[in-house]
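The values are calculated or read from the model by the stated rules, or taken from the named source; none is laboratory data. The shown structure was predicted, so the numbers you read here are calculated from the model rather than taken from an experiment. Note that each Cβ is placed from the backbone with ideal geometry, even for glycine, and that neighbours are counted across all protein chains shown. Side chains are part of the model used for accessible areas, which takes the heavy atoms of the whole protein and leaves out ligands, DNA and RNA. Shrake-Rupley method; radii C 1.70, N 1.55, O 1.52, S 1.80 Å.
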Amino acid sequence: MSHSSEATPSQPARPRSTGPARSQIRRRMLPIGIAGAVVLAGVTVHSAFATPSSDGLIAEVYGGGGNSGATYTNDFVELANAGAAPLDMSGYTVQYLSGSPTATSKWQVTTLGGTLAGGGRYLVAEAAGTGGTTALPTPDATGTIAMSGTSGTVALVSGADPLTCLTAADCAADPRVKDLVGYGTAVVHEGSGAAAGASNTDSVARAANLADTDDNAADFTAGAPTPQSSGTDTTPPTSTPPTTTPPTTTPPATARIHDIQGDTRVSPLDGKAVGEVPGIVTGVRSTGSSKGFWMQDPHPDDNPRTSEGIFVFTSSTPTVAVGDSVTVTATVSQYYPGGATAGGQAVTELTKPTVTKVSSGNPLPAPVVLDAKSVPDDFVPSAGGGSIENVPLRPSEYALDLYASLEGMNVQIANTRVVGATDPYSELWVTVKPDQNPTKRGGTLYTGYDQPNSGRLMVQSLIPTATQAFPVANVGDTLTGTTAGPLDYNQFAGTYAIQARTIGAVKSGGLQPEVTDKAKDNQATVATYNVENLAPNNPQSKFDRLATGLVTNLRSPDVVALEEIQDNNGATDDGTVAADKTLNKLVDAIAAAGGPHYQWREIDPVNDKDGGQPGGNIRQAFLFNPDRVSFVDRPGGDSTTAVGITGTGDKTALTVSPGRIAPNDPAWNTSRKPLAGEFTFRGKKLFVIANHFDSKGGDQGIDSRFQPPVRSSEVQRVRQAVIEHDFIEQLEKADPKANVVVLGDLNDYQFSPAVLSLTGNGKVLTDLVNTLPVKERYSYVYEGNSQVLDHILVSPNMKHVEYDVVHINSEFADQTSDHEPQVVRLQP
C-alpha cells in the first residue's frame, strides 16, 4: 500500500471524531480506463448544433474560482431561462470536458434539480480552490467539478448519462445537448470558435438579452464574474431617491428536524437560521474535534425519505445528556467530512447553536432496527457519474439511501458478524446481511464494482473508554446482543457508522492464523509480502513478527518478493536511499526465528521519485535462500537503466539482473518500478518480477455522492500493466517455455482493467487468485470488504502450481502488516 496525502479539502475539515488522523490513504475504486493518450486535433469546426434553445441556456461560465487572484471561492456555471414558462431541471445535468480532451477523457457530471423560473437564473456551484475571499450566492445545485480557469467545455444536457462526444461535430450531433459553451482554446465549442478571455479573474457570459446564435465566440464576452442564483434580486434600480430604513433581522425559520433534513441528501434549508427546533438527545460526543450531540424528533412525519435525527455541532463539550428534551436555535449547514472535493457525502448539521433544555430523563425514540430484511440488497443509485445529492432518496431500494434517510436517527443492530477487525482508531465493521457474499473465514467478499455489499456498517463508540473499553474483534467474531445509537456518515467507513451508545459483547469465532502446506523437495516456493513501510527504526517486535510469519506460516519460501522496504532512516527525508540496514535487520530476525540465512537483492531508487511515505523511498526487494536457489547476478542494473531481453529458447536471459522495467517511462512517475530478477532452481531458469503498482489515492469512494464513483488512479495502473505485459510477452516469445512469476501488490482487483491488461486476459499470465474457490479470493480487508490487491501470476506453461493466500494479518485486530502474504509452490 502506498501512503500519500489526500487532496487538500475545499473547506476546513474537522479531523475524524475518534483517534488520531489516518496516515493511510483510502483505497478507492475506479472506472475502466484506457491506456495511452492521443490528443484529439483542435480543428475549428463550424458546428451545426441544434436550433438554439428557447428556454434553458448557459448564461455564464467561470472556472477560476479559488485560484490565484480570484475573488470568488468556487467555480460556477450560471443558467438562464430565455422563455416565460418555468423549466423543470430534475431531468437535466451540467457536464464539463477538458479543453484539450484525449482518447481517455470523460465528461464530468453535476445533477440538477428544482425549477428554473421563466426569465430567471439558476446557479450551479462547482469545486472550490484555496483562494478567493467571496462565497457564491446560495447555489441552486452543487457539484465538485474542478473546471479550468482558461479552457474547457460546459454543456447543459438532458439526462444523467455522461456525454461521450469528444469533438465539436460529434457533440453537435448528440440530441441530448441543450446548450454548449467552449471557452479559451477548447476543442469542443459552438460555431466559429470558443468564447475568449476566460481567466482566474474573468468569466465568459452572454449578453443580457441572452442572444444565442450557436457561436460561442460571438455570443460570449469576458468580464468580471457576476453569479446569480434563483434567489438573487435582479430587479433594476428605480430613480426614486434612497430612503434610510432601520436594519431588519430575518427571524429564524420555524422547522422540525424532518423539514431540515428534507427528502434528499442536502437540506432545503442549508445556510438558513432555524429557531427552537425540538428533539430528544440520543447521543453525546464529548471527545475529539467534532464535539456535539444528536437529537431526534419524537413526533415523526409520515415520509420515509426524511430523517427525524440530526447532529448539533457545539465545538465544545456539550452540556446536555442522553434523554434531555431540548430546543435548538441554530444555522443549518452541510458538512463534508474530508472536504467537499473528496467526493464523500454531506452530513446535515445544526451549527452555532443556542440550546435550551426543557426537561430530562425522557424515553428515547424507539430505534430503527437494521437487519437483513430492512436493508436493501442494492447499495446505491447511479447518476451517470454525477452527484446523487439532489436526487430524492429511495430507502426501500438502495441501502445508502436508507442510511441517508436515517441520518442522525437512533438505530439498532443485534448479533451481527464482524467483517472488519477492530482497528487502531477503535472502529470495526459488521454486516447486517450475513448471507451476502460470505467468505470462508467469516468476512464479506468484494466480487465486483457493482457489489459493494450493502449490509456493511461501521461501529464506533460514544462510551468513555474509562467506562467500557472498545471491543477487540476479529473477522468472523459476533457482536452479540444489541448495539444502538445514532447513525452517522463517516468518510472512512465506506458506508455509515453507528455511534454506539450501547455496544454488544464480542463472541469469538475462533479465527486462527493460517500455516501454508509444506512444499515437496522438488517444488520451488515463491512468496510475496507487503511489509508496510518497514524501516530500521521500527520496533524490533515488528521484525520478529514478520520473521515468524515467513518462517512458520509461509514455511521459509525459497524466494520472497518484498514490498514497501524503506531506506535506512525511514521517513527522514535527507537524501538517503540505501536500504541495506533494513534488509539485514529483517534477514537477521528470520535467522533468529529458525529460518534460512537469506541473501537479498534490490535496486536503490532515485531519491523521492517512487512515491509512498515522503522520505521513505519504498522499493521492492528479493530475499532468496542460497541453499535452494541461485540468483543470477548480471551487472548494469540501476535506478534508471531498463532491463531487456536477450537470446532465445533456453538461452533467453535478462540483460541485467536485478533490473527495473522501463524505469524512465511516465507510467512510473511517483510510483515503484517493477524489479526483475533471474534465478535458477535445480538447473532451470526462473524469471521473477516483483511489483508495487500505483496506489488508489484520489479515487472517489464506493460511498461517494458521485455515482458511479470516479476511479482516476486506474489510468496510471493500466499504463503500468500494459508496459509490463509487453515486457513479459517479449520474454515468452523469446522462450515459449519460460518460467515466469509476476507477483506483488498490484493495488487492484482480479477483475480490474489494470490486472486484465497485465495478464492479456489470461493469454500472457494466469492470475492464480482465480484458481481458488470463490469464497477464498481475497488478500486484504478494507471497510469490511474482503478483496484482492496482492497477486501471484505465472506464465501459462506452468501447469504444476499450488497457490495459497496465507491469512495472518488483515482479518485480525492485531496485525503485523495490513496485507496478507501469498506463496506458490511450483515445478519449473
note = Projecting the Cα atoms of S286, T655, G275 onto the charge dipole of the chain, where Lys and Arg contribute +1 and Asp and Glu -1 at Cβ, the residue farthest towards the positive end is T655
note = By the mean-Cβ-within-10 Å protection proxy, highest first, 350-363, 197-210, 104-117 rank as 104-117, 197-210, 350-363
key: Dipole of the range 597-754, positive direction: furthest Cα of Q700, P674, S630, with charges on the beta-carbon   = S630
query = How do the peptides 92-100, 760-768 rank, highest first, by the average count of neighbouring beta carbon atoms within 10 Å per residue?
reply = 92-100, 760-768
request  = Identify all lysines with a Cα-Cα distance to K651 below 18 Å; exclude those on the same chain that are fewer than 8 residues away in sequence.
outcome  = K684, K685, K733, K737
remark   = hull vol. (C-alpha, convex hull) per residue for the chain, Å³ -> 173
task = State to the nearest 20 debye the size of the charge dipole of the range 361-513 about its Cα centre, where the only charges are +1 on K and R beta carbons and -1 on D and E beta carbons.
result = 500
query = What does the charge dipole of the range 332-423 about its Cα centre add up to, to the nearest 20 debye, if the Cβ of each Lys and Arg holds +1 and the Cβ of each Asp and Glu holds -1?
reply = 340
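Need one number: the % of Cα-Cα pairs in the range 376-457 sitting beyond the 18 Å mark.
On the way: 1664 of 3321 pairs.
Considering the range 376-457, 50 percent of its Cα-Cα pairs are separated by more than 18 Å.
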key: Overall form of the range 693-828 per C-alpha gyration tensor (a/c, 1.5; a/b vs b/c)   = oblate
note = Placing +1 on each Lys and Arg Cβ and -1 on each Asp and Glu Cβ in the range 444-558, then taking the dipole about the Cα centre, the residue among A466, G494, V526 whose Cα reaches farthest towards the positive end is A466
key: Exposure of L554 as accessible area (Å², to 10), given a probe of 1.4 Å and all protein chains   = 0
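Quick check: with the 1.4 Å probe, what order do D170, D263, D401 take by accessible area, largest first? Spell out each step's value before the answer.
On the way: D170 90, D263 60, D401 0 Å².
Largest accessible area first, the residues go D170, D263, D401.
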request  = Hey, can you grab everything whose amide H is under 5 Å from the amide H of K178? Only 5+ residues off in sequence or another chain; H modelled, so Pro and N-termini drop out.
outcome  = L156, V157, S158
query = So what are the three principal axis dimensions of the range 286-353 from its Cα atoms, in whole Å, longest to shortest?
reply = 36, 32, 18
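Using Cα pairs closer than 8 Å and at least 6 residues apart in sequence, work out the relative contact order for the range 711-825, in percent. Kindly include the intermediate steps, with their values, before the conclusion.
On the way: 179 pairs, mean separation 27.8, N = 115.
Averaging sequence separation for qualifying contacts and normalising by length gives 24 percent for the range 711-825.
Taking the solvent-accessible surface of protein heavy atoms with a 1.4 Å probe, what is the per residue accessible area of the range 438-555 in Å²? Working shown, then result.
Values: 4290 Å² over 118 residues.
Value for the range 438-555: 36 Å² per residue.
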ask   = Ranked from the most accessible area to the least, with a 1.4 Å probe and all protein chains present, what is the order of E308, E729?
value = E729, E308
key: Pairs beyond 30 Å (Cα-Cα), from K518/K799; K542/K609; K433/K763   = K433/K763
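Just want to confirm a number: the relative contact order over the chain, from Cα pairs under 8 angstrom separated by 6+ residues, in percent.
Once normalised by length, the contact order is 11 percent.
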task = Enter the Cα centre distance for the pair the range 296-355 and the range 484-551, rounded to the nearest angstrom.
result = 35
query = Under a 5 Å amide H to amide H cut-off, with H placed in plane at 1.01 Å, what residues pair with A196 once short-range neighbours are removed?
reply = G184
inquiry  = How high is the relative contact order of the range 576-665? Use alpha-carbon pairs under 8 Å, at least six apart in sequence, and give a whole percent.
reply    = 22
note = Computed for the chain: size of charge dipole around the Cα centre, +1 on C-beta of each Lys and Arg, -1 on C-beta of each Asp and Glu, debye to nearest 20, value 1700
remark   = The Cα radius of gyration of the range 315-411, divided by 2.2 N^0.38 Å with N its residue count, comes to 1.33
ask   = Highest mean first, what order results for 506-514, 807-815, 368-376, 416-424 on Cβ atoms within 10 Å?
value = 416-424, 807-815, 368-376, 506-514
inquiry  = Let me make sure I get this right: for the range 457-498, a, b and c are the square roots of the gyration tensor eigenvalues over alpha carbons, sorted descending. Under 1.5 in a/c it's rounded, otherwise prolate if a/b > b/c, else oblate. Which is it?
reply    = oblate
key: Estimated vicinal HN-Hα couplings, Hz - the range 702-709 in sequence order (Karplus 6.51, -1.76, 1.60; Gly, Pro = x)   = 5, 9, 4, 6, 9, 10, x, x
